[in-house]
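Chemist: This is the structure I want to talk about, given as structure tokens.
The values are calculated or read from the model by the stated rules, or taken from the named source; none is laboratory data. Keep in mind it's a predicted model, so treat the numbers as computed, not measured. Every residue, glycine as well, gets a Cβ built from its backbone with ideal geometry; the counts of neighbours run over all protein chains shown. Side chains are part of the model used for accessible areas, which takes the heavy atoms of the whole protein and leaves out ligands, DNA and RNA. Shrake-Rupley method; radii C 1.70, N 1.55, O 1.52, S 1.80 Å.
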Amino acid sequence: MKYRKLPGTDLEVSEVCLGTMTWGEQNTEADAHAQLDYALAHGVNVIDTAEMYPVPPNAKTQGRTESYIGNWLSRRRRDGLVIMTKVAGPGRRDWIRGGRTDLTSKIIAEAIETSHWPQRNVPMFGAIEFDPKKEKGGPSIAEQVEGMAALLEAGKIRHYGLSNETAWGVCEFRRVARELGVPGPVTLQNSYSLVSRGIDNDLAETLYRESISLLAYSPLAGGMLSGKYLEGARPPNSRFTLFDTLGVRFKRPMVAEAIAAYAELAKRRGITLPQLALGYVKSRWYVGATIVGATTMAQLEEDIAAAQFELDAQTLADIDAIQIRYPNPAG
């Protein structure tokens, strides 16, 4: 396992991060603890979760994932571990804090005590157009930055980052933090994969100029790039078989065409599709860690290994050729 220092921090994180969003829905607590033990034994030192997990989110299961992690942590030393969690922002989560999901400094502090996507109107989860008609009021970025600064001062958190953000949002958070003389965000957690390339333009420049690392989630496009859904297959107990409304952006016809092309490339190069997909994410200069999650130990073993796979120059050139035809099919 290789480790990378996150710019603006003293944190050395493994290039593979353990994702947890199925724990409490598709995975039991025993499954979760087994995955944690395996990941740590193989060099993973960073764990990603969220207060709304597991997925799909609902009132009955919300919070289980963090509880599973907390129970596991209670029986071991935390030295050397980096735990990342996310505050649930507004919309579609009325059962969280009784619907109080505006990202005020008070709500952020409450979420931290009991444990973010943007407060603003932002296109995300595959949406490709900004719609001014969806504008609404809410706490300012300055209030959110001040809330995070208070938590840092209190020792509740070591650093903070953003999730599902835009280039404007990242720059504004950093500008406001500088203006207030307090720490700004040090990471960005957005979707990134062979079929979700929204980072590569203005956000890539932003990450470079602001010295921020990307923590890439959905690097296998919700499992589509594992190959198990090729040619319309729907394996039993898989995410998109059990939960048909999840990951709509990954079910677009052009996504299927792109994945078929990548599968053929992997076959031609004598590697697996996960090695191609995760190896590609690893190769990007702005990636701090690739977040991988699994519902079975066999998947986890394959994914942790594949996320460390080095692609050769010819394979990367072949990927570039496919991306000319399918530049960003899932958004």
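Chemist: Taking the Cβ of residue 83 as the centre, find all other residues whose Cβ is under 10 Å away and add up their charges (Lys, Arg: +1; Asp, Glu: -1).
Modeler: On the way: positive: 78, 158; negative: 48, 66.
Net charge around residue 83: 0.
Chemist: Next question, about the same structure. How large a share of the accessible area of the chain, in percent, is made up of carbon and sulfur atoms when the probe is 1.4 Å and the other protein chains stay in place? Working shown, then result.
Modeler: Values: 7780 of 15060 Å².
Taking all protein chains in place, the chain shows 52 percent carbon and sulfur surface.
Chemist: A follow-up question, please. How much net charge surrounds residue 244 when only the other residues with a Cβ under 15 Å from the Cβ of residue 244 are counted, with Lys and Arg +1 and Asp and Glu -1? The partial results should precede the final answer.
Modeler: Details: positive: 234, 239, 249, 251, 252; negative: 25.
Local net charge: +4.
Chemist: May I ask for log10 I(q)/I(0) of the stretch 176-260 at q = 0.12, 0.14, 0.19, 0.22 Å⁻¹, from a Debye sum over the Cα atoms as equal point scatterers with solvent left out?
Modeler: -0.49, -0.60, -0.86, -1.03
Chemist: Continuing with the same structure: Compute the accessible area per residue over the chain, keeping the other protein chains in place, probe 1.4 Å, unit Å².
Modeler: 45
Chemist: While we're here: Take the residue pairs 136/228; 5/136; 86/136; 228/282; 86/134; 156/251 and return only those whose Cα atoms are more than 30 Å apart. Provide the component values of the computation, followed by the final result.
Modeler: On the way: 136/228 41 Å; 5/136 38 Å; 86/136 22 Å; 228/282 21 Å; 86/134 23 Å; 156/251 39 Å.
Flagged as over cut-off: 136/228; 5/136; 156/251.
Chemist: Using the alpha carbons of the chain, what is the convex hull volume per residue in cubic angstrom, as a whole number? Display every interim value, and only then the final one.
Modeler: Details: hull volume 44.6 nm³, N = 331.
Enclosed volume per residue, from the Cα hull, is 135 Å³.
Chemist: Using the basic label-point model (7 angstrom from Cα toward the beta carbon), what is the residue 158 to residue 30 distance in nanometres?
Modeler: 3.3
Chemist: Using DSSP to define loop residues, name the chymotrypsin sites (Phe, Trp or Tyr not before Pro) in the stretch 252-331 whose beta-carbon has at most 14 other beta-carbon atoms within 10 Å.
Modeler: Details: sites: 262, 280, 285, 286, 309; in loops: 285, 286, 309.
Hits after loop and neighbour filter: 285.
Chemist: Name the residue farthest towards the positive end of the dipole of the stretch 1-85 from the options 62, 36, 52, assuming +1 on Cβ of Lys and Arg, -1 on Cβ of Asp and Glu, about the Cα centre.
Modeler: It is 36.
Chemist: What full-extension length gain, to one decimal in nm, is calculated for residue 75 and residue 4 as 0.36 nm per residue of separation minus the Cα-Cα distance? Intermediate values should be presented prior to the final figure.
Modeler: Working: separation 71, 0.36 × 71 = 25.56 nm, distance 2.71 nm.
Full-extension gain reported as 22.8 nm.
Chemist: Another question about this same structure. Cα atoms only, the stretch 242-331: Rg and Dmax in Å?
Modeler: Gyration radius and largest Cα-Cα distance of the stretch 242-331: 13.6, 38 Å.
Chemist: I want the local charge near residue 150. Using Cβ-Cβ distances under 11 Å, sum +1 for each Lys or Arg and -1 for each Asp or Glu among the other residues. Present the calculation step by step, with values, prior to reporting the outcome.
Modeler: Details: positive: 106, 156; negative: 143, 146, 153.
Once positives and negatives cancel, what remains is -1.
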